[in-house]
Structure formats: structure tokens, C-alpha cells
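The values are calculated or read from the model by the stated rules, or taken from the named source; none is laboratory data. As the structure is a computational prediction, the values presented were derived from the model and not from experiment. Here the Cβ positions follow ideal geometry from the backbone for every residue, glycine too, while neighbour counts run over all protein chains shown.
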Amino acid sequence: MEKRFKMREVQPDAYKPLNELAKFVASAGISPIQQEMIKIRASQINGCAYCVNKHSKDARMAGETEQRLYLMPLWRESPQFTEEERLILEMTEEITLIHQHGLSEVLYQKALAQFGKEKTAQIIMAIININAWNRIGVSLHMQPE
């Protein structure tokens, strides 16, 4: 397969708003491990090998265990995830798979009850951000380093 261009080299100004959103998310009230969980799960769904690889490494650096990384695609069947993490993973799946129905009313209400409006908004923005990065990675066939 022919190597494709690097978006940050061809359109560096296009990266700026995504980087700003990433900075916002990093400083929001979402724990570093939860941020990486969002990034990994969305990247798994979207088929972005580059992002799965990168964010799995970042998660390990933040203290995530190998076992939980292996079980993340099967989080529903795994007792290793807290109720809060399960809610975040379910939100990640529904928003990433937006063509199915988007964030359902039931899940939206659960998120508001668990996190409040501010943190729910931060989680949604984190999911949106990684989905944008995934679309760059998949479109340009970015490969894990």
C-alpha cells in the first residue's frame, strides 16, 4: 500500500482546533484513565490501529492494567470496570456509532444523573475529539509506530 500524506504537514491549520479541543478535554474533569478508555474504545470501533496503539500505551503510562486493556472490547461481560466506567464506555459506543441512533435518551439521562451537565458535556466532547482524530487516521491509513 502506498504511503499517504500526513495531514499535519499538508494542512497544519486544520490540526489547531483539534489540538485545542484535546487540550480542553485533557484539563476537564475526566480522569486520565477514563480519557484513554474513551480514546481506545472509539478507536477500536472505528478501526484506527494507530490510535488504538497510541492510546493503549498512554493508558498504561497513566496506570491502566494490561488485563483491562485486553477486556475493553468486552467491557459488558467483564467485572473489571466500575459503573462509572461502564457508563462512559456505553456513551462512547453510542456516540461513535451515531448512525444507529446517537446518544439515547435513557443513556443521556443516566449520564446527567451520574455526572451532571458539565462533566457529561466534557465526556461528549472527548468522544467527539477522538472520533475526529480517528477519521484522519483511518482516511490516511496511519500505521502504529
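Within the range 23-63, can you find the residues that are at pLDDT below 95 and in contact with a Phe, Trp or Tyr (Cβ under 8 Å, 6 or more places away or on another chain)?
Within the range 23-63, none qualify.
Scanning for something in a helix (DSSP H, G or I), at pLDDT 95 or above and closer than 15 Å to residue 40 by Cβ, does the range 107-124 turn up at least one residue?
Filtering the range 107-124 for residues in a helix (DSSP H, G or I) gives 107-124.
Subset that is at pLDDT 95 or above: 107-124.
Restricting the remaining residues to those that are closer than 15 Å to residue 40 by Cβ gives 123.
Looking through the range 107-124, at least one residue is in a helix (DSSP H, G or I), at pLDDT 95 or above and closer than 15 Å to residue 40 by Cβ.
It is to be established whether one or more residues within the range 97-104 are part of a helix (DSSP H, G or I) and free of Cβ contacts under 8 Å to residues at least 60 places away in the same chain. Lay out the reasoning, then the answer.
Pass one, the range 97-104, residues part of a helix (DSSP H, G or I): none.
Scanning the range 97-104, I find no residue that is part of a helix (DSSP H, G or I) and free of Cβ contacts under 8 Å to residues at least 60 places away in the same chain, so the answer is no.
Say whether the condition of being surrounded by 15 or more Cβ atoms within 10 Å (Cβ to Cβ), closer than 26 Å to residue 118 by Cα, out of contact with any Asp or Glu (no Cβ under 6 Å at 6 or more places or on another chain) and charged (D, E, K, R) is met by at least one residue in the range 28-43.
So the first thing to find is which residues in the range 28-43 are surrounded by 15 or more Cβ atoms within 10 Å (Cβ to Cβ), and the list is 28, 30, 33-43.
From the residues that got through so far, the ones that are closer than 26 Å to residue 118 by Cα too are 28, 30, 33-43.
Okay, now just the ones that are also out of contact with any Asp or Glu (no Cβ under 6 Å at 6 or more places or on another chain), so 28, 30, 34-35, 37-43.
The next check asks that each one be charged (D, E, K, R); those that pass are 39, 41.
Yes - at least one qualifying residue is present in the range 28-43.
Within the set of pairs 6 or more residues apart or between chains, which connect a residue that is free of Cβ contacts under 8 Å to residues at least 12 places away in the same chain inside the range 13-42 to a residue that is polar (S, T, N, Q) with Cβ atoms less than 9 Å apart?
26/35
Can you name the helices (runs of 4 or more DSSP H) wholly within the range 1-60 that have at least 3 residues being of a type in the set (D, E, K, R)? Spell out the reasoning first.
Values: elements: 7-10, 12-26, 32-46.
Answer list for the range 1-60: 12-26, 32-46.
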